[in-house]
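A.B. asks: Quick one: structure below, then a few questions.
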Amino acid sequence: MLRRSTIPIAIVSGLTTLLLFILFFSVSWRSIPQAIGLGETYGPTKEQIKSGENILPDLRTGKQGVAADPNAWREGDGAHFKEPKVESQSPYPVGVTKPAGSNYTGRLVIPKMEGEDTRWIDEQLGDILASGQMTTAIYHMDDPSALLHPIKNKGNEVMAYLSYLIDFYEDLPDVSIFMHSHRYGWHNNIVFNKDSALMVRHLSPERVTREGYMNLRCHWYPGCPDWMHPGAIERIYEKQEEHILADSWAELFPEDMIPTVLAQPCCSQFALSRERIHAIPKERFVSLREWLLRTELSNFLSGRVFEYIWQFIFTSSPFHCPSMSACYCDGYGVCFGDAEKFDYYFELNFNLNEYLQELHLWKQRAEAVAEAHEQARAQGGELSGEESLDVPEVGRDQWLKAEIRKLELEMHKRREAAFELGRDPRQRAKEAGRPWKDGDGF
Ligand SMILES: *[C@@H]1O[C@H](CO)[C@@H](O)[C@H](O)[C@H]1NC(C)=O
């Protein structure tokens, strides 16, 4: 018989590693913000709101680049800007838009695995596709017989994006939009109900043209303003790619120093102008793809590495955190009026989520109480009243429902008004802090 002590150590440690591995991947770090009460997007706490602390730090700074100059920071610009660390100026000039009213061509670049549902593209964007202004480049990641497929299915969406940049380098539309295959995602913009189709429909090709590179996510959390510290010694569970980045950096960018901070809104969805893509030699994309083919990192980690370097590749700046309100207004035509009003809308949104959560808990507790009564009756008795039941406050549910309804109405009104205001090109320029004169378009 095999005694316990004779089991080879290798097997034990192998099993332990496997267990840790399973444990690790069963708890996605993405769920951490929710778990610690930050809500689905980013999280001012109730205390922060009450204290009047600027909960959305970028808004009042107005534009990207403010953080680059410590002297430009003023009290009230937001807590996160107290220690501006990185230069965010991109060496690229502002792109030149077409005359007002011109059409732009676009292409939606999407990686698709077998079984993933991309029908939303035809169903929701059929009219834009039919007009010929928008085409798609859907990379079938695991189907080598498909017309568009990568040379190897490795590195998740990074492989699709780089393959597109290489395959279509000589045949680019005005704007290329890089997105995941799913229609809804927690990381999509809240005002569009997290719907990719609405984001594509409302995306301003003019903004993409001007900026060259535009992160499709307007919300800062997670990723901004101060996310990755590639030189960090400490290893953080939710940012495991941090130390890997430092190791990868030298291979990816042998000519560039490792920046102290890498920051941009998360999740690897962005748009690029033709001009910006062409500002980078095709060979660059080929060598990045070669790194991806070569690396021993898992798909999960190699994908993560790129999540915080796309902005470096396309803007040469490690820091890319444009104002949220400017992103919404200039980028999608959702203009709340100014940064404070934008701020206020998301405060309502925060309160709404709190109430919805509380109502959910109230119902759970009410059900538990009802069940306990039911059980007591089934056993021929009554609840003695001494059971330690968590009885919800009578009437609180009705109050919550009324508040939720009020908030929803108020938010609906403000949202509609924001879309209306966004039709005005002057307003878009104003909220983005850029000059505008009569006759200018978006
Ligand atoms: C833009 O496209 C629309 C729809 O395809 C078309 O009706 C319109 O004439 C185009 N505008 C210009 C300026 O080409």
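A.B. asks: Scanning for something loosely packed, with under 14 Cβ neighbours inside 10 Å and on the phi > 0 side of the Ramachandran plot, does segment 345-368 turn up at least one residue?
C.D. replies: no
A.B. asks: Would a scan of segment 141-148 turn up a residue that is under 27 Å from Glu416 (Cβ atoms), away from the ligand (no atom under 16 Å from the Cβ) and acidic (Asp, Glu)?
C.D. replies: Of segment 141-148, the ones under 27 Å from Glu416 (Cβ atoms) are none.
No: segment 141-148 contains no residue that is under 27 Å from Glu416 (Cβ atoms), away from the ligand (no atom under 16 Å from the Cβ) and acidic (Asp, Glu).
A.B. asks: Yes or no: Pro93 assigned to a loop (DSSP other than H, G, I, E, B) and either touching a residue at least 12 places away in the same chain (Cβ under 8 Å) or more than 16 Å from the ligand (Cβ to nearest atom) (or both)?
C.D. replies: For Pro93, the condition - assigned to a loop (DSSP other than H, G, I, E, B) and either touching a residue at least 12 places away in the same chain (Cβ under 8 Å) or more than 16 Å from the ligand (Cβ to nearest atom) (or both) - is met.
A.B. asks: Would you kindly identify the helices (runs of 4 or more DSSP H) lying entirely within segment 269-337 that contain at least 1 residues that are within 25 Å of Lys154 (Cβ to Cβ)?
C.D. replies: 274-278, 282-294, 299-307, 310-315
A.B. asks: Now for a separate question. Is at least one residue of segment 315-328 closer than 25 Å to Asp167 by Cβ and in contact (Cβ under 8 Å) with a residue 60 or more places away in the chain?
C.D. replies: In the first step, residues of segment 315-328 are kept if they are closer than 25 Å to Asp167 by Cβ; the result is 315-316.
Applying the additional criterion that residues be in contact (Cβ under 8 Å) with a residue 60 or more places away in the chain yields 315-316.
Yes, segment 315-328 contains at least one residue that is closer than 25 Å to Asp167 by Cβ and in contact (Cβ under 8 Å) with a residue 60 or more places away in the chain.
A.B. asks: Could you give every pair whose Cβ atoms fall below 6 Å, whose first residue belongs to segment 297-313 and is in the same structural domain as Pro265 (by TED's automatic domain parsing) and closer than 16 Å to Ala250 by Cβ, and whose second residue is outside any helix (DSSP H, G or I) and of a type in the set (Gly, Ala, Ser), counting only separations of at least 6 or pairs across chains?
C.D. replies: Going by the 6 Å Cβ cut-off, the qualifying pairs are Ser302/Gly155.
Let's see how each residue does on (1) at pLDDT below 95; (2) within 16 Å of the ligand (Cβ to nearest atom); (3) in the same structural domain as Asp171 (by TED's automatic domain parsing); (4) under 25 Å from Ser196 (Cβ atoms):
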residue: Thr41; (1), (2), (3), (4): yes, no, no, yes
residue: Gly65; (1), (2), (3), (4): yes, no, no, no
residue: Asp69; (1), (2), (3), (4): yes, no, no, no
residue: Gly78; (1), (2), (3), (4): yes, no, no, no
residue: Pro99; (1), (2), (3), (4): no, yes, no, no
residue: Asp117; (1), (2), (3), (4): no, no, yes, yes
residue: Leu129; (1), (2), (3), (4): no, yes, yes, yes
residue: Ala137; (1), (2), (3), (4): no, no, yes, yes
residue: Glu157; (1), (2), (3), (4): no, no, yes, yes
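A.B. asks: Another question about this same structure. Mind listing whichever residues of segment 101-115 are in a loop (DSSP other than H, G, I, E, B) and either surrounded by 17 or more Cβ atoms within 10 Å (Cβ to Cβ) or away from the ligand (no atom under 12 Å from the Cβ) (or both)?
C.D. replies: Matches in segment 101-115: Tyr104, Met113, Glu114, Gly115.
A.B. asks: While we're looking at this one, here's another question. Residues of segment 188-218 being at positive phi and among the polar types (S, T, N, Q), which ones?
C.D. replies: Asn193
A.B. asks: So is Leu245 part of a helix (DSSP H, G or I) and either in contact (Cβ under 8 Å) with a residue 12 or more places away in the chain or not hydroxyl-bearing (Ser, Thr, Tyr) (or both) or not?
C.D. replies: The answer is yes for Leu245.
A.B. asks: What pairs can you find where one residue is in segment 388-409 and of a type in the set (Asp, Glu), the other is modelled with pLDDT of 95 or more and surrounded by fewer than 15 Cβ atoms within 10 Å (Cβ to Cβ), and their Cβ atoms are less than 8 Å apart, with a gap of 6+ or different chains?
C.D. replies: The qualifying pairs are Asp397/Lys363.
A.B. asks: Examine segment 209-221 for a residue that is modelled with pLDDT of 95 or more, part of a loop (DSSP other than H, G, I, E, B) and out of contact with any Cys (no Cβ under 9 Å at 6 or more places or on another chain), and state whether such a residue exists.
C.D. replies: So far as segment 209-221 goes, yes, one or more of its residues are modelled with pLDDT of 95 or more, part of a loop (DSSP other than H, G, I, E, B) and out of contact with any Cys (no Cβ under 9 Å at 6 or more places or on another chain).
A.B. asks: So Phe346 passes all but one of these: (1) under 18 Å from the mean Cα position of the chain (by Cα); (2) at pLDDT 95 or above; (3) not assigned by TED's automatic domain parsing to the domain that holds Cys218. Which condition number does it fail?
C.D. replies: (2)
A.B. asks: Restricting to segment 116-137, and then to whatever is part of a strand (DSSP E or B) and among the β-branched types (Val, Ile, Thr), can you tell me which residue is nearest to Lys152 (Cα to Cα)?
C.D. replies: Thr136
The values are calculated or read from the model by the stated rules, or taken from the named source; none is laboratory data. None of the values given here were measured: they were computed from a predicted structure. Glycine also receives a Cβ, built like all others from the backbone with ideal geometry; neighbour counts cover every protein chain displayed.
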